[in-house]
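Notes to accompany the following structure.
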Amino acid sequence: MTRHRIGVDLGGTKIEAIALDENGNTIFRKRTTTPQGDYAATIEAVVRLVHEAGDGSVGIGIPGALSRVSGLVKNANSTWLIGRPPMSFIVKYWRPSWAPTSCTGTMCG
């Protein structure tokens, strides 16, 4: 089975996922509304999109940055993400074959 490259854009009003095949062709693209103010629902929405996109490496862009000290989100205009770990909750929902062995910033895969 071919593993795809999956990208997720997590924004304050929408979450969009795209999956590319080995030639860079779009094979999946879907957008959903961001559940504003609800961290758990936001994570669930990202997980649903990633599952729909298929099997592959995943990169997630988030508003704000990660603190070098705590590893938690800071300076996000989506304030419900501030002080939260962006990847740890996502990883627990992934299928075992997707579980990353290491993360750098918000990129895993």
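Of all residues in region 27-47, those satisfying the criterion of being more than 9 Å from residue 17 (Cβ to Cβ) and of a type in the set (D, E, K, R) are 38, 44.
So, of the residues in region 29-43 that are among the polar types (S, T, N, Q) and either surrounded by 14 or more Cβ atoms within 10 Å (Cβ to Cβ) or within 15 Å of the chain's Cα centre (by Cα) (or both), which turns out to be nearest to residue 82 (Cα to Cα)? It comes out as 42. For region 61-75, the condition of being within 22 Å of residue 3 (Cα to Cα) and either at pLDDT 90 or above or charged (D, E, K, R) (or both) holds for none of the residues. Annotation note: Cβ proximity below 6 Å between a residue of region 68-85 that is touching a residue at least 40 places away in the same chain (Cβ under 8 Å) and of a type in the set (Gly, Ala, Ser) and a residue that is surrounded by 14 or more Cβ atoms within 10 Å (Cβ to Cβ) and assigned to a loop (DSSP other than H, G, I, E, B) (sequence gap 6+ or interchain) occurs for 78/12; 78/63. Residues in region 1-28 that are over 14 Å from the mean Cα position of the chain (by Cα) and either surrounded by fewer than 13 Cβ atoms within 10 Å (Cβ to Cβ) or aliphatic (A, V, I, L, M) (or both): 1, 2, 13, 20, 22, 23, 24, 25, 26, 27.
The values are calculated or read from the model by the stated rules, or taken from the named source; none is laboratory data. All of these numbers come straight from a predicted model, not from anything done at the bench. Note that each Cβ is placed from the backbone with ideal geometry, even for glycine, and that neighbours are counted across all protein chains shown.
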